[in-house]
């Protein structure tokens, strides 16, 4: 099995320092309470960021999304925007990281006084953790997808645009895909249209045109939006639209987008080979455009 977050082994990750509420701790010592809201209830939000050549790619977009998500769930992060960036930079400097690093920045509602869900029981918080690893993607072949029954739902259940710690729906989708012999799950929206995967946003290419979902039920992907932007800037026809599995199976190319892997080719869906089964020319072109955008950001 291949995962969309597969990376080269790096021994330096055994000795990383992890930010825990303002203190840098060795990996074995980086812990949170069993009463923490994130551990107990998945009550929190997070961001994944990539470091390229000393710069956090699209940092402003990630900070916007983090603070919007925190406001949506009525969570006080405890730091302003500059404070969060300073914590990120302090963790980077302590680990002497300059490029090809990935940060997982997590904020929960903090430690609860009793093991129940009401937010008022979180009396000590928030909890903020930054895990930063040396990380170079190593995905040896195009990804295989399997369509699963688990859907990306309506905003009034759990808005898929939130980077929430509550990921069980996506984990169940991933398990279903693995049991079907695939690497990742292709998830539909409530109307049965193709939407996203359990971990990434999803695109297809048909006759030179790039299609992705409407965005109504998918993750609020920063890389997704950057791909749409570079396509429009470079004259590649791109549309956010409803489309079906029938459209998908007959696509010339398919790829996933995410902060970690940027653009990851898809070779097979539900046992159907997509195009040649390898990365296609439009995906390669988009990859190059995205790489240039990262270098300029």
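The values are calculated or read from the model by the stated rules, or taken from the named source; none is laboratory data. Given the structure is predicted, the values throughout are model-derived calculations rather than measurements. For neighbour counting, all protein chains shown are included, and Cβ atoms are generated from backbone atoms with ideal geometry for every residue, glycine included.
Identification of strands (runs of 3 or more DSSP E) wholly contained in the range 111-171 with 2 or more residues that are in contact with a helix residue (DSSP H, G or I) (Cβ under 8 Å, 6 or more places away or on another chain) and modelled with pLDDT of 90 or more yields 127-134, 143-147.
When 38, 54 are screened for being surrounded by fewer than 16 Cβ atoms within 10 Å (Cβ to Cβ) and under 30 Å from residue 137 (Cα atoms), only 54 passes. Residues that are within 29 Å of residue 34 (Cβ to Cβ) and within 20 Å of the chain's Cα centre (by Cα) within the range 93-110 comprise 102, 103, 104, 105, 106, 107, 108, listed in sequence order.
When 24, 59 are checked against the criterion of being over 27 Å from residue 183 (Cβ atoms) and in contact (Cβ under 8 Å) with a residue 60 or more places away in the chain, 24 stands alone in meeting it.
For every residue, the table says whether it meets (1) in contact with a strand residue (DSSP E or B) (Cβ under 6 Å, 6 or more places away or on another chain); (2) surrounded by fewer than 21 Cβ atoms within 10 Å (Cβ to Cβ); (3) touching a residue at least 24 places away in the same chain (Cβ under 8 Å).
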residue: 196; (1), (2), (3): yes, no, yes
residue: 211; (1), (2), (3): yes, no, yes
residue: 237; (1), (2), (3): yes, yes, yes
residue: 249; (1), (2), (3): yes, yes, yes
residue: 254; (1), (2), (3): yes, no, yes
residue: 258; (1), (2), (3): no, no, yes
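Checking each residue in the range 260-297 for being at pLDDT below 95 and not in a helix (DSSP H, G or I) picks out 260, 261, 262, 297.
Filtering the range 116-145 to residues that are crowded, with 21+ Cβ neighbours inside 10 Å and under 17 Å from residue 199 (Cα atoms) leaves 142, 143, 144, 145.
The rows are residues; the columns are (1) outside the structural domain of residue 259 (by TED's automatic domain parsing); (2) under 17 Å from the mean Cα position of the chain (by Cα); (3) in contact (Cβ under 8 Å) with a residue 12 or more places away in the chain; (4) closer than 30 Å to residue 25 by Cβ.
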| position | (1), (2), (3), (4) |
| --- | --- |
| 123 | yes, no, yes, yes |
| 130 | yes, yes, yes, yes |
| 147 | no, no, yes, no |
| 164 | no, yes, yes, yes |
